[in-house]
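Visitor: Let me begin by handing over the structure; questions about it come next.
The values are calculated or read from the model by the stated rules, or taken from the named source; none is laboratory data. All of these numbers come straight from a predicted model, not from anything done at the bench. Every residue, glycine among them, receives a Cβ derived from its backbone with ideal geometry; neighbour counts consider all protein chains shown.
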Amino acid sequence: MTLYDTLEPHLEDLLNRARAALLWLDAHSPDSHQVDYIQGIADAYSHVLGQLGLGTPCDRRECTYYTHYLAYGPPALSHDQFHAAERQCERMQQLAQSYLDAGRDVPPNIERITRTWENKVRA
Ligand SMILES: [Zn+2]
């Protein structure tokens, strides 16, 4: 559960309440000070929501864990475990590629370990 996940529904609720209050005031009260006050609150909630939405791809659920890994079924790894495995997989793929770039065969143990990490991250 990210900070965004925790705060977003509450801020969204507060923003909706402020918007509802604005609609009510618009229909029932000609007092522009009240409207300005509530509009200020709505703008502040909207700004904070926008700032939260600017977090990391993980915060926005746009990282490879959400866009790729979960597409292949229920997770065997937590979000943090997945990203750690993803980094390990990339290191092994780079190592395997370095053998190929040098015109050599990838040693079987390197190939096996690389496949293991690729399977973990569903590459
Ligand atoms: Zn992530």
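Visitor: Determine whether segment 64-71 contains at least one residue that is β-branched (Val, Ile, Thr), surrounded by 12 or more Cβ atoms within 10 Å (Cβ to Cβ) and over 16 Å from the mean Cα position of the chain (by Cα).
Guide: Looking only at segment 64-71, we keep the residues that are β-branched (Val, Ile, Thr), and these are 64, 67.
Subset that is surrounded by 12 or more Cβ atoms within 10 Å (Cβ to Cβ): 64.
Restricting the remaining residues to those that are over 16 Å from the mean Cα position of the chain (by Cα) gives none.
No, there is no match, as no residue in segment 64-71 is β-branched (Val, Ile, Thr), surrounded by 12 or more Cβ atoms within 10 Å (Cβ to Cβ) and over 16 Å from the mean Cα position of the chain (by Cα).
Visitor: Which ones in segment 80-123 are at pLDDT 95 or above, of a type in the set (Gly, Ala, Ser) and under 25 Å from Thr56 (Cα atoms)?
Guide: Selection gives Ala84, Ala85.
Visitor: Something else now. Regarding Asp59, is this residue of a type outside the set (A, V, I, L, M), surrounded by 15 or more Cβ atoms within 10 Å (Cβ to Cβ) and either touching a strand residue (DSSP E or B) at 6+ places or on another chain (Cβ under 9 Å) or closer than 20 Å to Glu12 by Cα (or both)?
Guide: Numbers: of a type outside the set (A, V, I, L, M): yes; surrounded by 15 or more Cβ atoms within 10 Å (Cβ to Cβ): yes; either touching a strand residue (DSSP E or B) at 6+ places or on another chain (Cβ under 9 Å) or closer than 20 Å to Glu12 by Cα (or both): yes.
When the stated conditions are applied, Asp59 passes them.
Visitor: If you check Ser32 against the conditions, is it more than 14 Å from the chain's Cα centre (by Cα) and surrounded by 12 or more Cβ atoms within 10 Å (Cβ to Cβ)?
Guide: Details: more than 14 Å from the chain's Cα centre (by Cα): yes; surrounded by 12 or more Cβ atoms within 10 Å (Cβ to Cβ): no.
So Ser32 fails the test.
Visitor: Which of the helices (runs of 4 or more DSSP H) found entirely inside segment 1-76 contain at least 2 residues meeting this: touching a residue at least 40 places away in the same chain (Cβ under 8 Å)? Let's see the steps before the verdict.
Guide: On the way: elements: 3-28, 32-53, 64-67.
Once the helices (runs of 4 or more DSSP H) in segment 1-76 are filtered for at least 2 residues that are touching a residue at least 40 places away in the same chain (Cβ under 8 Å), what remains is 3-28, 32-53.
Visitor: Could you go through segment 92-114 and let me know if any residue there is of a type in the set (S, T, N, Q), buried (at least 16 other Cβ atoms within 10 Å of the Cβ) and either within 16 Å of the ligand (Cβ to nearest atom) or in a loop (DSSP other than H, G, I, E, B) (or both). Show your work before the answer.
Guide: So in segment 92-114, the residues of a type in the set (S, T, N, Q) come out as 93-94, 97-98, 109, 114.
Now narrow it down to the ones that are buried (at least 16 other Cβ atoms within 10 Å of the Cβ): 114.
Then keep just the ones that are either within 16 Å of the ligand (Cβ to nearest atom) or in a loop (DSSP other than H, G, I, E, B) (or both); that gives none.
Scanning segment 92-114, I find no residue that is of a type in the set (S, T, N, Q), buried (at least 16 other Cβ atoms within 10 Å of the Cβ) and either within 16 Å of the ligand (Cβ to nearest atom) or in a loop (DSSP other than H, G, I, E, B) (or both), so the answer is no.
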